[in-house]
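The values are calculated or read from the model by the stated rules, or taken from the named source; none is laboratory data. The structure presented is a predicted model; accordingly, all values stated were derived computationally and were not measured. A quick note on method: Cβ atoms are made from the backbone with ideal geometry, for glycine too, and the neighbour counts reach across all protein chains shown. Ligands, DNA and RNA are excluded from the accessible area calculation, which covers all protein heavy atoms including side chains. Shrake-Rupley method; radii C 1.70, N 1.55, O 1.52, S 1.80 Å.
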Amino acid sequence: MSVLFVTGTGTEIGKTVTTAAIAAATLVRGRSVAVLKPAQTGVTAHETGDTAEVERLAGPVTTVELARYPEPLAPATAARRAGLPPVGPVEIAETAAKLAAAHDLVLVEGAGGLLVRFDAHGNTLADAARLAGAPVLVVVEPGLGTLNATTLTALALRSYGLDCPGIVIGSWPAAPGLAARCNLAELPDAAGAPLLGLVPEGSGALPPAAFRTAAPGWLAPELGGSDTFRIPA
């Protein structure tokens, strides 16, 4: 796949660090990577956003941000309140296609969950992925509540006719509780897709060199990771 959309079952669950891990693992294999952030919210013009964080952690990637809104809200709401134009699915899909023509992999990181609105017409990341003809990776939480949220996201993906190659746990705890341990077996059934990654909790705080060395081990080969990737028993 030359274009991969990355969404989550909610916000603040590790989408950016997961995107960085996939980018780092891909770069290690000698392939070029672009990271597209359609709408960055909650960040002012002079602050660093998610694409800068991916580049800091992963290394030399091409980064593109289509719109930035200062308030930490859904893109459609943030655009309206800021008096700025929204980003639509056509612009997202066309930008991803242009980047794919010059890169081995394009990662499109969404904002919040799959069906968060980007504009007043109700368009979402799912609409952009459908226009792009691209699969959607889902970043999920490990603990209580994740099975319901993952099932709902998978249902939405199917309703849009979108392929989900797998799921990644975006913040796997060092000492997982009972629910998290049980969910390792339950999440693939909830998603209807395999578990392709476990990004350790706190990975974003690692020094970039350590992050890049470790990232392939957090991911299955389908995401550019290592053949040694294993799901804990």
Open item on the list: Restricting to segment 3-18, count the residues that are hydrophobic (A, V, I, L, M, F, W, C) and either outside any strand (DSSP E or B) or free of Cβ contacts under 8 Å to residues at least 24 places away in the same chain (or both).
Closed with: 2
- [ ] Have a look at 156, 149 and point out the one that is of a type in the set (Gly, Ala, Ser), open to solvent by less than 20 Å² (accessible area, probe 1.4 Å) and at pLDDT 95 or above.
- [x] 156
TODO: Within segment 124-145, identify whether any single residue is among the polar types (S, T, N, Q) and either within 30 Å of residue 182 (Cα to Cα) or more than 16 Å from the chain's Cα centre (by Cα) (or both), and answer yes or no.
DONE: no
